[in-house]
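The values are calculated or read from the model by the stated rules, or taken from the named source; none is laboratory data. Bear in mind the structure is a predicted one, so any value in this text is a computation, not a measurement. Please note: Cβ atoms are built from the backbone with ideal geometry, for glycine as well, and neighbour counts cover all protein chains shown.
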Amino acid sequence: MAEGWLPPALNEGWIYRDRIDASAAGVRVTAFYASRCRHSPPAAWERRLEAGEIERNGQPLRQDAVLEAGDRLAWHRPPWREDAVPALPQPLLDDGDLLVLNKPSGLPVLPAGGWLEHTVLRLLERRHAGDPDGLPRPVHRLGRFTSGLLVCARRPASRAWLSALLRESTGARGGDGIAGTGCCRKLYRALTAPLLPHLALTAGDAVRISSPIGRRAHPLLGRLWCAAAPDDPEALPALSTLTLLESRPEGALVEVAIASGRPHQIRIHTAALGVPLLGDPLYLPGGLARGEALPGEGGYHLHAHRLSLPLPHGRELQLEAPLPPPLRGAGDGSRAAQPRSKAIRREK
């Protein structure tokens, strides 16, 4: 598939399946869907019932009904139009098991919400159909508008191992708080809002951010990953190290090393520091989310730039995705400066 854009296209629809547990027993079908899928009010689900789109235990429902524990629901979503997205690029690496892409900003990785066929997963399935080595599947996620290195693997064992490694790489950190020997090293490039005066950073200075990440109430999604509430027992520990590369009139060019792989970690951690990604419509200073925005909305610049992966038998894979123009700095052409000793710890 040539690089460029995929035009808008109608997909073939999808079936969303749910099994009712005791907590939803006694609730009506329309109320169940309206609370679970907040993009549509109860009246919209009533119309879908009348159209025969919803089944309970394999039988079409034509009117609202009270659910019982153990019921199986299926919503047959009709085909919908998916917007244009960047096409799937040729791989940076393909060794017969691992396949690494430089994912363009705007291309979703996995089917969700309004995306089904215009996703990395579906495009890989079409490109590699009949491949004797098997289908490469993404090992981790990047946000729709995050560009850069996306690792895929054909072998299930490779996917499981790499997924755990990319999610939890805090086991062997060096003195700078970044993953060291034996762990993967993940470096991102981003533009943030102007740095706060109290941080007093100059080029090469680093800030360690250790704000835990947890789910908070959100009016459109029910719950959304944000900087965790102080009393959240389910909060996930997270660690990032932000290094200032350049101060610009509109903001700051930074490098972010992450020693964990939490949902929206860089977007949340820069916001928790008081300097959200420049143009991020979702996260506010402090790390909470705007109620009217969704995670899939763009406007920011975030790029998975470099990745070091330890491989079996002591080998290491070094990967790099070229920087998009807005994220290129005056010093590019050599590796970014290592963080100096100055560090500020931020926790919620």
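Observations
- Against the conditions (1) under 29 Å from the mean Cα position of the chain (by Cα); (2) surrounded by 12 or more Cβ atoms within 10 Å (Cβ to Cβ), residue 28 satisfies every one except (1).
- Hits in the range 115-139 (condition: closer than 13 Å to residue 88 by Cβ, in contact (Cβ under 8 Å) with a residue 12 or more places away in the chain, touching a strand residue (DSSP E or B) at 6+ places or on another chain (Cβ under 9 Å) and outside any loop (DSSP other than H, G, I, E, B)): 120, 121, 123, 124, 138
- Those strands (runs of 3 or more DSSP E) of the range 38-113 in which 2 or more residues are not assigned by TED's automatic domain parsing to the domain that holds residue 157 occupy 54-56, 72-77.
- Residue check: residue 286 meets all listed conditions (1) without any contact (Cβ under 8 Å) to a residue 24 or more places away in the chain; (2) of a type outside the set (Ser, Thr, Tyr); (3) in a loop (DSSP other than H, G, I, E, B) but one, namely (1).
- Number of residues in the range 236-290 that are closer than 11 Å to residue 226 by Cβ and among the hydroxyl-bearing types (Ser, Thr, Tyr) equals 1.
- When 43, 22, 65 are checked against the criterion of being among the small types (Gly, Ala, Ser) and surrounded by 12 or more Cβ atoms within 10 Å (Cβ to Cβ), 65 stands alone in meeting it.
- Looking only at the range 50-68, residues that are under 23 Å from residue 114 (Cα atoms) and touching a helix residue (DSSP H, G or I) at 6+ places or on another chain (Cβ under 7 Å) come to 1 in all.
- Residue check for residue 190: in contact with a strand residue (DSSP E or B) (Cβ under 6 Å, 6 or more places away or on another chain) and surrounded by fewer than 19 Cβ atoms within 10 Å (Cβ to Cβ): no
- Scanning the range 46-60 for residues that are touching a Lys or Arg at 6+ places or on another chain (Cβ under 8 Å), surrounded by fewer than 16 Cβ atoms within 10 Å (Cβ to Cβ) and of a type in the set (D, E, K, R) turns up just one, 50.
- If only residues of the range 114-152 that are among the β-branched types (Val, Ile, Thr) and either in the same structural domain as residue 307 (by TED's automatic domain parsing) or buried (at least 22 other Cβ atoms within 10 Å of the Cβ) (or both) are counted, the one that is nearest to residue 83 (Cα to Cα) is 120.
- Candidate set from the range 292-345 (those that are closer than 21 Å to residue 273 by Cα and in a strand (DSSP E or B)); member that is modelled with the lowest pLDDT: 345
- Candidates are the residues of the range 220-240 that are in a loop (DSSP other than H, G, I, E, B) and aliphatic (A, V, I, L, M); the one that is farthest from residue 266 (Cα to Cα) is 220.
- Residue within the range 241-256 that is part of a loop (DSSP other than H, G, I, E, B) and hydrophobic (A, V, I, L, M, F, W, C) present: no
- Residue match in the range 69-90 (condition: at pLDDT 95 or above, within 21 Å of residue 148 (Cβ to Cβ) and touching a helix residue (DSSP H, G or I) at 6+ places or on another chain (Cβ under 6 Å)): yes
- Residue within the range 73-81 that is touching a Ser or Thr at 6+ places or on another chain (Cβ under 6 Å) and of a type outside the set (A, V, I, L, M, F, W, C) present: no
- Here residue 182 meets the list (1) modelled with pLDDT under 95; (2) assigned to a strand (DSSP E or B); (3) of a type outside the set (Ser, Thr, Tyr) almost entirely, failing just condition (2).
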